[in-house]
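Scroll down for the structure; my scribbles are underneath it.
Please treat every number below as a calculation from the coordinates, not as lab data. If you're wondering where the values come from, they're calculated on a predicted model, not measured in any experiment. No Cβ is skipped: glycine too gets one built from the backbone with ideal geometry, and neighbour counts run over all protein chains shown.
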Amino acid sequence: MSEGNGSGVAAELSDINRRLQHNADALQLLFRGAEADRRRPLTDAMAAAEAAMTHANDSASPDTVWAESVEPSPDGPVVFLDLIGTPEQNRSWLSAFTEELTRAGWSGTLAPAPIPPPSEWVSGLDTAIRPAGYLAFRMNEEPPPGTVGRWGPPRWTVDAGTTTALCRYLVGWAALPGATVQLTMGRSRSEFSGDDVAEHLVWAAEHNHTAGVAYTAPAAARLADLGAWGQVTCQVRDDGPDWRARVEHLRELLLEFANQLDVAFLRTGRYPVTSWTGLAGAVPALPHVSEAKVNRYRRLWDQYVPDAHGIQILTAAHLSRLGPLPDWEVRPLTGGGHLVQARDLEPWFAAAEPDPEVVAAARADFAGALLTPEVISAAGG
């Protein structure tokens, strides 16, 4: 049964109540515009849903029903209802939300957001080794001191041309034959069957939402995510023995955009990585500062790195802090970047984690460019 105002917005109450029977603590609701409204820009629908959310929150009694945020999805805005009340309180909030959208001239339905099936990327892969690429793109503006990279003010801050080229490249880079495709926009996640996934990634990044795509097949998976302050993470997983192919696929991505990066590198781990917060789950542990501190000082990444890595893209500023690197191949690249990689990659990537002795030697080689508490203190931290 629906509740609405004629041609306005109707809440699918029966479906909402059934979803709440399975999860009484939180709810994701999809506002799907009527056919005529679907041709309107998603930006307009997002603004309308945010205004309706604020109105509904203001209409509810404190500590009863509360929506935290509105996030985009390919099918329309998704409202995150993070505090659930009694059936009557929920009904009152939903009525306030739909009536406000109707007053604003919208038509359509409000129903539980589709929940994609669990991804094979998450389940059943405990023994797979997953190299991950971390890329930091040059920004149009410098984040404020102390900004936490992904969770600070949500600005992508990378120029539009680079953003479009990156998203199109990532979709081709991640594509797998016969794979299931899942698209992330903000906190919403859904299966995607269209051929314009790159355009959705561009939209989300440029409208200050995180964005990501995952291709999962029975024997392989690839994932790419864009976050605030030009941060990109990518990961490759398969069960084959050819670690070199996995590493090379990631290295190609780093080289493709090397002239637009502040820094980039490969790390290894056993867990899915969807942002630079994944530094805390990769191996080995960071040597000097926490992952949170690394993210907080994003503005220093074009001069300092969080650790030494077997494959890195470094700037001239990084290299100026170092002495000779006889155990490393250093190749100048177009645009001022440098590919710096170990002459022997096997100790870095063939096993579940790099060889400890190799890591210790590398940290000694790159000591002058490592992010440390002293560097942060000198920068005003």
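Structure summary
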quantity: Neighbours by Cβ (under 7 Å, 6+ apart or cross-chain): first from region 289-315, buried (at least 23 other Cβ atoms within 10 Å of the Cβ); second among the acidic types (Asp, Glu); calculated: Trp301/Asp262; Ala308/Asp365
quantity: Asp15 assigned to a helix (DSSP H, G or I) and without any contact (Cβ under 8 Å) to a residue 12 or more places away in the chain; calculated: no
quantity: Residue within region 180-201 that is among the basic types (Lys, Arg) and crowded, with 23+ Cβ neighbours inside 10 Å present; calculated: no
quantity: Some residue of region 27-45 being in contact (Cβ under 8 Å) with a residue 60 or more places away in the chain, out of contact with any strand residue (DSSP E or B) (no Cβ under 9 Å at 6 or more places or on another chain) and of a type outside the set (A, V, I, L, M); calculated: yes
quantity: Single residue of region 267-325 satisfying the filter (hydroxyl-bearing (Ser, Thr, Tyr) and touching a His at 6+ places or on another chain (Cβ under 8 Å)) that is nearest to Arg251 (Cα to Cα); calculated: Thr315
quantity: Qualifying residues in region 10-26 (those that are among the small types (Gly, Ala, Ser) and buried (at least 17 other Cβ atoms within 10 Å of the Cβ)) - the one nearest to Gln89 (Cα to Cα); calculated: Ala11
